[in-house]
1. Counting Lys and Arg as +1 and Asp and Glu as -1, each charge on the Cβ, what is the dipole of the chain about the Cα centre in debye, to the nearest 20?
2. Please list, in order along segment 51-60, the HN-Hα scalar couplings obtained from phi with the Karplus expression 6.51 cos²θ - 1.76 cosθ + 1.60 (θ = phi - 60°), rounded to whole Hz, x for Gly and Pro.
3. Count charges around D374 for me, please; just the other residues with Cβ under 11 Å from its Cβ, Lys/Arg as +1, Asp/Glu as -1.
4. Could you check the spin-label model distance between D293 and R47? Points 7 Å from the Cα along Cα→Cβ, value in nm.
5. Read phi for every residue in segment 308-324 and hand back ³J(HN,Hα) as whole Hz from Karplus 6.51 cos²θ - 1.76 cosθ + 1.60, θ = phi - 60°, with x for Gly and Pro.
6. Considering only the other residues whose Cβ falls under 12 Å of the Cβ of N392, what net charge follows from Lys and Arg at +1 and Asp and Glu at -1?
7. Quick one: S130, S313, fewest Cβ neighbours within 10 Å first, how do they rank?
8. Note the angle between two axes, namely the Cα long axis of helix 89-98 and the longest principal axis of the Cα atoms of the chain, as a number of degrees from 0 to 90, rounded to the nearest 10.
Amino acid sequence: MNEFWQHLQKQAIAKPNEPAIGVFHKTLETAYTWKTLVNEVEQLGQRLQQDQVKVLVLLAENNPAWIVVDIACRLQGVILIPLPSFFSKGQRQHVFATLGIDHVLCSDVADLEKVSDVPLQPLGRLLGLSYFEVPEVIQTQFQNQSLLPPHTQKITFTSGSTGAPKGVCLSDEQMMRVTDSLVAATMECHVERHLCVLPLATLLENIAGVYVPMMAGAQVLVANAETIGFNGASGFSIHVFLDLLSRCRPNSMILIPQLLEGLVASCEAGWKMPESLRFIAVGGAKVSPALLDKAWGFGLPVYEGYGLSECASVVSLNSPKARKNGSLGKVLGHTSVEIEDSEIVITGPRFLGYIGETQSWQSNHKQHRFATGDLGYLDDEGFLHFQGRKKNVLVSSFGRNVSPEWVEAELNAQDVIAQSVVFGDGQAFCTALLSTYDPQVSDAAIDSAVRCANQALPSYAQIQKWFRLPKPMTLGTGDDEDLLTSNGRPRRAQIGRHFEKQINALYQF
């Protein structure tokens, strides 16, 4: 933390009255200058120290207070648990019951029912957030500090695409090494204003969207989910998002592929990209090279990357110095990658271990190998390529291996297709569940799009039959039967069960 904190202090001296954090609701306002940010962090840090906070749960939407709490916890060595919005009530209660949590900060008192069934002692408000202490009798009952590896500073959670999310324990040193690599990789973009689109509880946005811009002396902009365009179960309003971009005029942002598809479709419909945009990172799922080419054709500076929570976020990234659409970019300087039996294996500052799984714990200061479960390869120029999840590979009845992510990327690159999920394990051919952006799109137009995608695929991976979903699947909330994770990845087992009849019908002759 010393490096990061010293940098913030230097910024507060060099440009005390310039904005460090901005917030957008109806207008863009300065929440903190560099000087007031440092002062606020110091004051909050003193309060946390006074209250002897050791493990703090933070449950809040994107706002300036979230960032201040995060930095103050790093400064004081407080273990921070940012609870993701996609967690169900049961998952949040499980976290609370199995860790030695002593304090809670949340946006609203009503959020407490999502965190704990036990009564907590209110301590008033901090930075506009409700502040609670866990009574000592409950702390004693649930005190399981032995479940955390040494040097843990932050606990982030996997998205849970195939099961219950795991708590990934990270040290400050690990996060700082990734931050430094990303600052070096993006320096030529000269970012002065970054817009946080993803939830701050997402490690990627936390590190690449807050720490990296601040280390570069850039302003961080935040807005709540509704202002960005997210609208609960009803999905995402691209028009709200486009208005936000036009009014905030950020230099950089991080998107998931679905949002990039929406931007490209908007450009095709005549929307003009703000000239301020210099760097758009995209990750979370495979992106079709055709979509990236379209994006660049409209002037969208899109750079695909790759990372995992277990590796403290980003591992590789395309950059202005080295870009190849369709690749995951070049491996960042803080780590290294090898390919073993087609699997991506990473050596570098990996996570300390999972909560409660002592066999996974590692020393904070050693280099460790981590088998990612992702299939890929390094080309002759050193660019990393993703070929799907090892456990998701479909094996046809003819013995051909097909990565569904590969096929889905080609389908999703077609203008009319919003989502696709590919099946075909043990079958003679591949099939897909498809949804469209526009309910008025004809089946003939969908069929034409599928044929176009098939042209980029070998015969054994082409889609022979498909089923049209009545509407797109929405982002998950953490429930066991969600069809998508919170970042849009398909939960394939749940989708297979939910649409079992429709999938089986595609294989009837």
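1. Values: 41 positive and 51 negative charges, 62 e Å.
Using Cβ point charges on Lys, Arg, Asp and Glu, the chain gives about 300 debye.
2. Once θ is set to phi - 60°, the couplings for segment 51-60 become 7, 6, 6, 10, 10, 10, 8, 10, 10, 8 Hz.
3. Working: positive: K286, R389, K390, K391; negative: E343, E405.
For residues surrounding D374, the net value is +2.
4. 5.4 nm
5. 9, 4, 5, 10, 6, 5, 5, 10, 9, 7, 6, 8, x, 6, 8, 10, 9
6. Working: positive: K286, R389, K390, K391, R489, R491, R492; negative: D374, E405, E408, D425.
Residues near N392 contribute +3 overall.
7. Numbers: S130 21, S313 26.
Going from sparsest to densest Cβ surroundings: S130, S313.
8. Between helix and principal axis, roughly 50 degrees.
A short reminder: the numbers here are calculations on the coordinates, not readings from a lab. Bear in mind that the values here come from a model prediction, so they are computed numbers and not experimental data. Note that each Cβ is placed from the backbone with ideal geometry, even for glycine, and that neighbours are counted across all protein chains shown.
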